[in-house]
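Since the structure comes first, as structure tokens, the remarks are kept for the end.
Throughout, read-outs are computed from the coordinates displayed, never taken from laboratory work. These numbers were taken from a predicted model, which means no experiment stands behind them. Every residue, glycine among them, receives a Cβ derived from its backbone with ideal geometry; neighbour counts consider all protein chains shown.
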Amino acid sequence: MPRALCFAAGAAMIGLVVVPTEEAFAEGLSTAELVTGRLFWGAVAVIGVCSLRRGAVPVRRTPRDHLSLLRNGLLIGWATIFLYSLALKGNDVTPVIITLVGTSAVVGFLVETCGRLRLEHLFILTAVLVALIATVLSAHNARAEVSWTLSAAVVSGAIYGLLPVLLRGRESADDLTSVGWYLAYGCVIATVLALLTTDTTISGLLEAAGNGDVILAGAVGTGLGYTLLQFGVAQGGGREPLSPAVAGILYGFEPITAILAAALWLRQPISAETMFFSCAFLMLAFSAGSVLKARVD
């Protein structure tokens with residue numbers, strides 16, 4: 001199951017982004033500085049992966065393709081600057097990110113199963129929703145102010161959950177340069193938004209881009225994370241794409257990984273409710289795997 005392993009690794013990397021993000025904010029970086037640097041290094045990481053894959057450079061982009069990627073870049077730039085900043089008002093970093101990746105997991109699953117929802121998918125959806133409940137409970141128990149600002153993290157997470165379908169080209173489903181263009185356009189748009197709406201300067205953005213935590217969050221959490229997700233859902237080499245049901249299970253590991261990372265590296269407590277629902281998700285995930293295998297057999 002190499003595609004499933006790629007997808008699982010990508011989900012784990014996205015969940016782990018909570019650690020360098022928390023550290024970057026602790027060092028005094030603003031949301032705008034973190035976001036622009038993260039998108040920049042995410043694009044660099046994807047371009048690096050593309051350059052290492054022999055024969056992986058896709059066909060030329062048409063103006064229509066670039067307009068589509070620019071639209072997606074506008075979406076991610078707006079989500080990460082405006083919505084992310086709004087969500088952080090009155091809330092700690094970790095619960096915001098956990099809520100964001102949890103919502104992304106549910107939306108991503110719904111996107112993957114759109115038009116193909118079957119009975120076993122409903123079972124998987126239950127497991128992923130359990131993971132999301134765990135993230136919400138974690139947000140409630142991690143000094144988060146449960147208010148309308150937290151809903152901004154939900155909206156931002158929904159945008160990230162649309163990434164697989166937004167990047168799925170008409171000719172090449174595993175076109176990694178689509179991911180690179182998407183992140184590059186997002187970086188440019190986020191930079192413009194930051195300069196227009198905050199007191200951030202060009203020199204401040206450049207200095208933040210050299211921060212180790214920003215590089216880690218961008219290159220690993222954003223770049224390699226979403227690249228591996230793209231490998232997971234892609235069709236190539238004569239093989240079928242990853243099953244929507246399997247993808248649904250693996251999406252749920254994003255918020256669980258974020259919760260565990262916050263507990264292990266940031267010493268943030270896990271409530272009894274969160275632990276219960278996290279364990280319930282893992283049990284449902286393994287049960288779902290058995291159900292799928294039995295159905296295939």
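Here the spin labels are modelled as points 7 Å beyond Cα on the Cα-Cβ line, and at LEU282 and LEU266 they lie 2.0 nm apart. On full extension, the segment bounded by ARG71 and LEU196 gains 43.1 nm, given 0.36 nm per residue less the C-alpha separation. Amide H to amide H distances under 5 Å link LEU162 with no residue, where only residues 5 or more positions off or on other chains count and H is placed in the peptide plane.
Descending by average beta-carbon neighbour count within 10 Å, the peptides 266-279, 73-86, 27-40 line up as 27-40, 73-86, 266-279, the highest first.
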